Amino acid sequence: NRNEMNNFQNSKEFKEIVNYLNKKNFSKALEKIQAIYKNYPNDQIILRMLASIYFNNMDWGKAISYYEKVLFFEKDKSKILTNIGVAQFKLGKINKSINTFKIALEYNSNFDLTYNNLGIAYLELAKFEDAIKNFSMALKINKKNISAQTNLINLLTLYKPKKINENPFVKLDKHISNINIENIYYKKNLKKILNESIKLINCS
């Protein structure tokens, strides 16, 4: 019951588990949790810990099974669904991961991590326009998402988008593609090109 669970959360055992997790000693944390899990099979905190440990240990199948149990209790389902999508992707279930990321976005359409992961999944299927769209959405929400920046820049070196896209990196890539390479070596033109590029990067 709730009182027992509250007592457990205040116990020495619980503090030890949290300490192991903070130190990323997942094997010790798992050992401790498994010893008490049978007494609290539906506790959200324990289920979350187990899901997190299996996810960090790259045991994707078990991570999914525990995250699916956490979904019943969790209000912010988008983060849990995003983790499930990542685990599915790691298992090679790309189309399934795409569907899961889309469901996650139905719960929260303002989570840049989900868009970035969806972009990666589309990239795996060589759906480049969809990948660019989702990396761009991630950056629209969070300009400082380094992973989305890197993914988009790397993709733009291989593929030029056909659809109109207002992302600064896409606009910059198009701008650079239109430069007459012979003029770059003139100092005046180089300064102008750099200034224009900086403006494009800084625009939101």
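Here, each number is a calculation from the coordinates, and none is a lab measurement. A quick note: this is a predicted structure, and the numbers were derived from the prediction, not measured. Here the Cβ positions follow ideal geometry from the backbone for every residue, glycine too, while neighbour counts run over all protein chains shown.
Here are a few things to note about the model shown:
- Of the chymotrypsin sites (Phe, Trp or Tyr not before Pro) in the stretch 32-135, the ones in a loop by DSSP (not H, G, I, E or B) with at most 16 other beta carbons within 10 Å are Phe72, Phe73.
- Across the stretch 54-117, the mean sequence separation of Cα contacts (distance under 8 Å, 6 or more residues apart), normalised by length, yields a relative contact order of 29 percent.
- Exceeding the 23 Å Cα-Cα cut-off - candidates Lys62/Lys127; Lys12/Lys62; Lys69/Lys133; Lys133/Lys160: Lys62/Lys127; Lys12/Lys62; Lys69/Lys133
- For the stretch 133-159 versus the stretch 26-76, the gap between their alpha-carbon centres in whole angstrom: 32
- Violating pairs (Cα-Cα greater than 25 angstrom) within the set Lys77/Lys140; Lys15/Lys96; Lys79/Lys143; Lys15/Lys144; Lys102/Lys140: Lys15/Lys96; Lys15/Lys144
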